[in-house]
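Below: the structure, in structure tokens.
The values are calculated or read from the model by the stated rules, or taken from the named source; none is laboratory data. Model, not experiment: these values are computed from the prediction. Cβ placement follows ideal geometry from the backbone for every residue including glycine, while neighbour counts extend to all protein chains displayed.
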């Protein structure tokens with residue numbers, strides 16, 4: 001027995017999920033798994049996080065964490081969009097965003113993908 005949401009999706013009554021271009025899930029597809037009982041479960045494709053210092057990212061700045069810093073405000077300051085905080089997490093290998101700003105005095109790398117304006121090494 002399928003859920004009403006699954007039926008709506010199959011009938012095209014609910015638009016497919018799309019993520020904005022500043023989302024870490026932009027361009028990732030939605031996949032469907034069918035359980036042995038025949039129930040369809042939709043999920044996002046796995047996102048592989050790049051290793052810190054990956055060659056496809058360029059460091060544009062360094063930021064020394066101060067008491068009271070917020071990752072969204074750091075992203076807004078350096079990247080122009082608070083929703084791009086996830087780029088800072090990827091660049092510094094942080095699984096939990098709050099880990100990046102937990103210790104004042106820590107330096108975090110501000111990176112951009114190579115080829116993006118401002119994405120030149122510092």
Lone unmet requirement of (1) modelled with pLDDT of 90 or more; (2) within 20 Å of residue 26 (Cβ to Cβ) for residue 65: (2)
Residue check for residue 72: modelled with pLDDT of 70 or more, surrounded by 11 or more Cβ atoms within 10 Å (Cβ to Cβ) and in contact with a helix residue (DSSP H, G or I) (Cβ under 6 Å, 6 or more places away or on another chain): yes
Subset tally (residues that are in contact with a strand residue (DSSP E or B) (Cβ under 9 Å, 6 or more places away or on another chain) and part of a loop (DSSP other than H, G, I, E, B)) for the range 61-98: 4
